[in-house]
Structures are given as structure tokens and as C-alpha cells.
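Please read the structure below before turning to the comments.
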Amino acid sequence: MPKVTVLLTSYNHEEFIADSIESILNQTYTDFELYIVDDCSMDNSWEVIQKYNDPRIIAIHHEKNMFGCSNREFYKNFKGQYFAMAHCDDLWELDKLEKQVKYLDEHPEAGACFSWVQLIDDYGNNYDNPDHPYSKVFLEENMNRFEWLNHFFYNGNRLCHPSSLIRLNIQMNENLFPGGLGALPDFYRWIKLCLKHEIYVYPERLTKFRIHVDESNMSGQTPTNRIRVHNEFYQIAKLYGLIQDQSEFLKVFPEANEYVVDGKMNVDYALAQIMLHRTSIKGFHFYAMNKLIELLHDDKVKKELEILYGFTKRDVCAISGKLDVFHVIEDDEYLTTSLFYKNNENFSEANKINKKTVMMNNHFIVSFDLDHKKVSQLRFDPTEGKYISLKNLSITIDGKRIENYTILQYYEIDEDWYDIYSLDPSILIDLKESKEVCKVIIEADIKYIEHVKLLDYENKISELRRKNVDD
């Protein structure tokens, strides 16, 4: 009986698959069986595979594309104690299996062993672009499983599937099969694995992971994959929702101590709040909002949340009215407003309040709480990166209407509309003297400047520049 089962997946990479196969067959550790599954490649991959007659190979050809081989029933055929995944465009160093098998043999507490990764390009050269998302992703230091779960939550996947060697009984017993996930199947596996088992990352680059120039990897940074990632994070959120023991939850999220009141904590509430306020992931937000709604369905939990946190139906309704997870409001309807304030110093990022505001029927209203700060001047930026027109601008400070303001950029007036020709429009509000300010409310009619006006403006500027040159 072979000690290791290797599964090599093949799809349309005839130029790479021979090297991948040989990097496995030439391993210094030889006690393995090698399943090569060609998923109905349209090139000559299957022909390349058939040239190998090593007795350790079990070659399978799909007559139609099955979109991978994560079928639990198929895995029941594997004879190994350990299981390794390989891809037809990646490579292994020749001592990969030897080092990982030795580690798992000597550390029964570890459910899986991974390795550091060397990125390579389509030509097999080391790919060392520091700006690529994967440049340092697969070079993590070792942590315990609670630290890994926290690290995954805030940083995403940091383990490389073709670097893994997993105990096959854990693969089967923990059901490490991601079902319909297309962008985050590996991430799903590792979180589920770490819910119960320790893992280890061998601190050597034993795996070579290929980055294709067209980002055609399943995890490539394509628009489709970016959308899919956010949708699939909802499934990741459900895994974290399985952690119900308070002590274990606090080991994963030490920052959740703020939700412990007199020794008690509602774990579901704490997780939802962390997802809402410490992450920007829409799938997490959707899970958190729905979990909070579900909690209030239970009268006992509802009372507990009000006693512990003062959290009521009013609060969850405010959340569900604010989170636009279904993109109901178009991007152009959002304004990224900012209010800068100063006394004797200059305007700075440190003295700035940001608010995301929605335009409704070409009108906006936004309020800023300054909490009795001493202020002599304010600067209001209605949005960023857009050419806008304003009309009926109203500025109220602590209930008093302010008329003394100045548009800082070049503008033209067109039937009461102020066309501001700047991608960073700003309005200066001079209070004349230093005073305590609590609340600033600003509203106006707003629209984006038409392209024809922008073209006219550009033509005017070009003409002025030409005149200056001529003069």
C-alpha cells in the first residue's frame, strides 16, 4: 500500500504538464501512487500523459469537463495515508515529499504540512515582481491554529494548495470538499481544517507556483473572479460562525474581549460586529447583518443582547438600511464627502472627517459631529474625482446659517449652478474667529458636469495656454 496519494489535475496545459509529471515521478520519496486526471483538455495534454508508463500512475481522462476533481466518492479510491494535490502547470522540488512526510510522521498533532512557494512565470523563470498579489502570500511563518484562523480572517488565504500534504483521514472525516466554490475552494479547506487541527508550513520553497501572464490561474485577478470572491466569502463567514465556544472564540479573536460583559459574551453578536466594523468584505457584511436579524428572532437572545450591549431592533434596522450589499445605489449616486477643520494649524488629514453620502434626486445632505472642537476655519470637499455643479448650497453650524464661504477652485455660473472645474472641489468656510463647534450640516443640489461643458473648458484652457506661449 503506498503511503502517499498524489492527485495531479490536468487541463489545457500541454506545454507544462510533462515537467509537472516528472517533478513528481523524480521525487526522492518514492512510496506514492499518482492519479493524473485530465479534465477533457482541448489540447494535446492527454496524449502527453499517455506517454508515461510508470506503474505508480493511474491516468484518467474525462470525456466532458467536470470543472475539477473534488468528488468525495473519487477520493475513496485513494490508498495513501497522506494526500497531496498537484497542478499541471506547477512544479515540486525533488525533496518535497520526503521532507513533508517526515514531518507528519514525527508530528501526529499536525493535520497537514505545507511549504513556502517560489513563484515562476510561463517560461519557468523565477517571478519576483514585488507588486503581484502573490509576491509574499505563500511565505508565512508558523502559528497555532487559532492564530491561523485570525490571520485568514483579516488577510485572506496564505497557503498554497499544491504545496500541501494532508492526512487523508482528515480530508475525508472533516469533509474538506468545497462544493460549488470556484474562487475560494482552497481557502475554505484551510479554515475548515484549522477549526480542529494544527498545520505546519515547511520553511523552504519546496513548491513552484506558476503565474500566467494573462492571469488565467483559477485564482487570477480577473473581474469575474473578483466578483466571485466577494460572493463566496459568505460561505467563509459561515465557517467562522461554527466557533461557538467562548474561550475558543477569544483565542481566535482576542480583540473580541470588548464584547465580554461581566464574563459573558454572545459569540454570534461579537462575530457579526467584528465582520461589520473591522472588515470591508461584502460577503462578511451580508452574513453579519442576517445573523443579527436572526438573533432578534429568539426572545431570550433578544433580551440578552439588550442587557449586554443595549442592542435592539432599532440598531439592526439601521444596519440593514445602511449596508448596500446588493448594490441598489449606483456608484455615481455616492459622494465621498470630507470636512477638514483647523484652528491655528493648517488643514491636515489628522483633522478630517469622512462621510459617504448618497445623492437623492440630485440633492444631498450630510452632517458632521465635531464634539466641541475649537475651530476657526472649515473646508468641505463635496466629493472626490468628479466634476460637479452645485446650487442652493446651505451651510449650518450649530443651528446658525453661514453665508461666508468661498469656492476654492475655478468655476463658472450657469443659471444659478456653480460649475466647478476641479476633480477635488473644495469650499472654504471662514468663521472669522475661533469657536467651539458641535455640528455642521451641509446640503445642496448637485449634478455632474456634462461632457460637452468639460470639453469646452478644456478648449478654453488650451486656447489660453497657446496665447501665453504666443505672448
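Annotations for the structure displayed:
- Qualifying positions in region 375-393 - over 12 Å from residue 446 (Cα atoms) and in contact with a Lys or Arg (Cβ under 7 Å, 6 or more places away or on another chain): 375, 376, 377
- Tallying residues that are in a helix (DSSP H, G or I) and crowded, with 21+ Cβ neighbours inside 10 Å within region 21-47 yields 3.
- Against the criterion of being outside the structural domain of residue 374 (by TED's automatic domain parsing), buried (at least 17 other Cβ atoms within 10 Å of the Cβ) and among the β-branched types (Val, Ile, Thr), residue 260 does not qualify.
- Boolean, residue 18 is in contact with a helix residue (DSSP H, G or I) (Cβ under 6 Å, 6 or more places away or on another chain) and surrounded by fewer than 21 Cβ atoms within 10 Å (Cβ to Cβ): yes
- Tabulated pairs, region 406-419, first of a type in the set (A, V, I, L, M, F, W, C), second not in a strand (DSSP E or B), C-beta under 6 angstrom, 6+ apart or interchain: 408/426
- Filter result (aliphatic (A, V, I, L, M) and modelled with pLDDT of 85 or more) within region 198-231: 199, 201, 206, 211, 227, 229
- Flag for residue 95 being farther than 17 Å from residue 4 by Cβ and touching a residue at least 12 places away in the same chain (Cβ under 8 Å): no
- All conditions in (1) at positive phi; (2) assigned to a strand (DSSP E or B) hold for residue 337, with the sole exception of (1).
- Some residue of region 68-86 being farther than 28 Å from residue 170 by Cβ, more than 34 Å from the chain's Cα centre (by Cα), in contact (Cβ under 8 Å) with a residue 24 or more places away in the chain and surrounded by 16 or more Cβ atoms within 10 Å (Cβ to Cβ): no
- The condition of being more than 17 Å from the chain's Cα centre (by Cα), charged (D, E, K, R) and either buried (at least 16 other Cβ atoms within 10 Å of the Cβ) or farther than 22 Å from residue 275 by Cβ (or both) does not hold for residue 158.
- Check on residue 100, touching a residue at least 12 places away in the same chain (Cβ under 8 Å), part of a loop (DSSP other than H, G, I, E, B) and either polar (S, T, N, Q) or over 22 Å from residue 159 (Cβ atoms) (or both): no
- Residue in region 341-349 that is assigned by TED's automatic domain parsing to the domain that holds residue 428 and modelled with pLDDT of 95 or more present: yes
- Against the test of being modelled with pLDDT under 95, touching a strand residue (DSSP E or B) at 6+ places or on another chain (Cβ under 7 Å), on the phi > 0 side of the Ramachandran plot and not small (Gly, Ala, Ser), the options 430, 424, 416 yield a single qualifying residue, 416.
- Criterion: in contact with a helix residue (DSSP H, G or I) (Cβ under 9 Å, 6 or more places away or on another chain), surrounded by fewer than 18 Cβ atoms within 10 Å (Cβ to Cβ) and of a type in the set (Lys, Arg) - qualifying residue of 238, 192: 238
- Of the residues making up region 293-334, those that are under 23 Å from residue 383 (Cβ atoms) and either in a helix (DSSP H, G or I) or not aromatic (Phe, Trp, Tyr) (or both) are 321, 322, 323, 324, 325, 327, 328, 329, 330, 331, 332, 333.
- Considering region 293-324, the residues that are closer than 18 Å to residue 283 by Cα and among the acidic types (Asp, Glu) include one that is modelled with the highest pLDDT, namely 294.
The values are calculated or read from the model by the stated rules, or taken from the named source; none is laboratory data. Since the structure is predicted, the reported quantities are computational estimates derived from the model, not experimental observations. Here the Cβ is made from the backbone with ideal geometry for all residues, glycine too, and neighbour counts use every protein chain on show.
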